[in-house]
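Comments concern the structure below.
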Amino acid sequence: MHYISRPLKDLAICPNQETARQNYVDLVSSLTSSESSSQVKPGADREQQEYENLVVTSEDGITKIMFNRPTRKNAISTQMYQEIMLALKAASKDDSTITVVTGNGDYYCSGNDLANFTDIPPGGVEEKAKQSAIMLRDFVGTFIDFPKPLIAVVNGPAVGISVTILGLFDAVYASDRATFHTPFSHLGLSPEGCASYTFPKIMGPAKSCFSFQATEMLIFGKKLTAGEACAQGLVTEVFPDSTFQKEVWTRLKAYSKLPPNSMRISKQVIRNMEKEKLHAVNAEESSVLQERWLSDECINATMNFLSKKAKL
């Protein structure tokens, strides 16, 4: 589901460009309309009414940003990308000590929403690819520049961009039922979220078995269990699902009582060593993906994926 190609020209399985484009849009539309887009209504503690796809609360020194599209497995729509960026920018300036990102329901996040690909601007697919690359670069850049401790509470399966950006978090806590999947090559795509740099760095030096695990994830699309992700450094700690929320939030509340300026300064010192490199990697990955979205290989892989999904 993650950053699946936009409708493209020269689709090999359909000779007419306009017909191919419309067939693609119709297929995505039929899939998305058949699934409910309703959300679980947040409780009374919701503080940020301007968000339609998130629940954002601030309490006990913690700002929690919760993906709130559970019936869509928290797939990220175009609007939701914008909302996440707005929520992070607001959290960077509020009075909280730490910021937590998590998901509502069974999934943490299933990656990019298929419905994003039905909105083609007047400039056509080339313009759509350009806009998407800019949005991706800005989205990832918001995580790179976030000044406070940023913690992922991965409550269930994570796919695509929700996995790749984990290398930009300061801690990642996962339920033992979480999985981590980056199916780029299956969809004719390439990595983003700075994962082409952070994953090999996190998982070990070149030629180590852990470094090969990074390439297995990013090139071959290997899905990791929470335990495997923890063993390779992508996840900080794994908790039994039955006690996950209680144990993690007890720890987070303790962290939120630490001196906030000290934590910000420590993160700044650590991140400043890498910030320029991360932004350069982000720009390169976004540029490469813009080209991939306009490739026949990508659209054919995507159409195959969508056709299989439609038959389910």
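The values are calculated or read from the model by the stated rules, or taken from the named source; none is laboratory data. These numbers come from a predicted model, not from an experiment. Neighbour counts run over all protein chains shown; Cβ positions are idealised from the backbone, glycine included. The protein model used for the area step is the full one, side chains on, heavy atoms only, and it has no ligands, DNA or RNA in it. Shrake-Rupley method; radii C 1.70, N 1.55, O 1.52, S 1.80 Å.
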Contact list, first residue from segment 71-87 and in a loop (DSSP other than H, G, I, E, B) and among the aliphatic types (A, V, I, L, M), second anywhere and modelled with pLDDT under 95 and open to solvent by 10 Å² or more (accessible area, probe 1.4 Å), beta-carbon distance below 7 Å, six or more apart or interchain, is ALA75/MET1
Give the residue that is modelled with the lowest pLDDT, with candidates limited to residues of segment 264-283 that are more than 16 Å from GLY193 (Cβ to Cβ) and open to solvent by 70 Å² or more (accessible area, probe 1.4 Å). MET273
Among the residues of segment 90-104, is there at least one that is closer than 20 Å to VAL238 by Cβ, open to solvent by 20 Å² or more (accessible area, probe 1.4 Å), assigned to a loop (DSSP other than H, G, I, E, B) and in contact with a Pro (Cβ under 6 Å, 6 or more places away or on another chain)? no
Within segment 224-245, identify whether any single residue is under 30 Å from TRP293 (Cβ atoms), open to solvent by 80 Å² or more (accessible area, probe 1.4 Å) and modelled with pLDDT under 95, and answer yes or no. no
Number of positions in segment 284-312 that are open to solvent by 50 Å² or more (accessible area, probe 1.4 Å) and in contact with a Lys or Arg (Cβ under 9 Å, 6 or more places away or on another chain): 4
Looking only at residues in segment 105-130 that are crowded, with 16+ Cβ neighbours inside 10 Å and modelled with pLDDT of 95 or more, which one is nearest to THR78 (Cα to Cα)? GLY111
